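A quick write-up on the structure given underneath.
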Amino acid sequence: ACGDSERTAKPSRLPGKQKLTQAHEFKAVLISDWRRSGRNFILRAIANELRGPRLGMIASRKAARRAVDRNRGKRIAREAFRAALARLPAVDVVLQLKGDLRDSGNNDLREELDRLLRDLTKRFGVFGTPSFKDKAPSANL
């Protein structure tokens, strides 16, 4: 039988303060100029005025027809985001699922997300170091 402590621990959930929830928050990120793309995900980001990063996810039926594929992509994205949380700057991030994930293994997806999140820290800085506020935007990004 599960104890109360086991039932309340939800390892795949992010706290509300680390999630984008409002349509205007998603819209602000989606119209931003900065984006990186991999085989399975598109990452978009914009600086925020908060103390840390927030994640929003888009996993449409158009991209992946099966719910199991959409849920798998979101679960692995949350895991990657949580693992990178300490090094991420204060940005709002939207990860969009590009397509069916049946041809990609979990390790491939994690590696792709790690690469995208590393690109993000290169562009916006690492938490606790000079970041986007201290740098002029680069014209070639």
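All of the numbers you see were taken from the coordinates with simple rules; none came from a lab. Values in this document were obtained by computation on a predicted structure and should not be read as measured data. Using ideal geometry, Cβ is built from the backbone for each residue, glycine included, and neighbour counts are taken over all protein chains shown.
The label-point distance for Lys19 and Glu111, in a model that sets each label 7 Å from Cα toward Cβ, rounds to 3.1 nm. Between Lys19 and Leu55, the built amide H atoms are under 5 Å apart, and every one of these is 5 or more places off in sequence or on another chain. Taking each residue as 0.36 nm, the span from Arg35 to Asn71 lengthens on full extension beyond its C-alpha to C-alpha distance by 10.7 nm. P(r) tail, the range 15-71: Cα-Cα pairs separated by more than 19 Å, 37% of all pairs.
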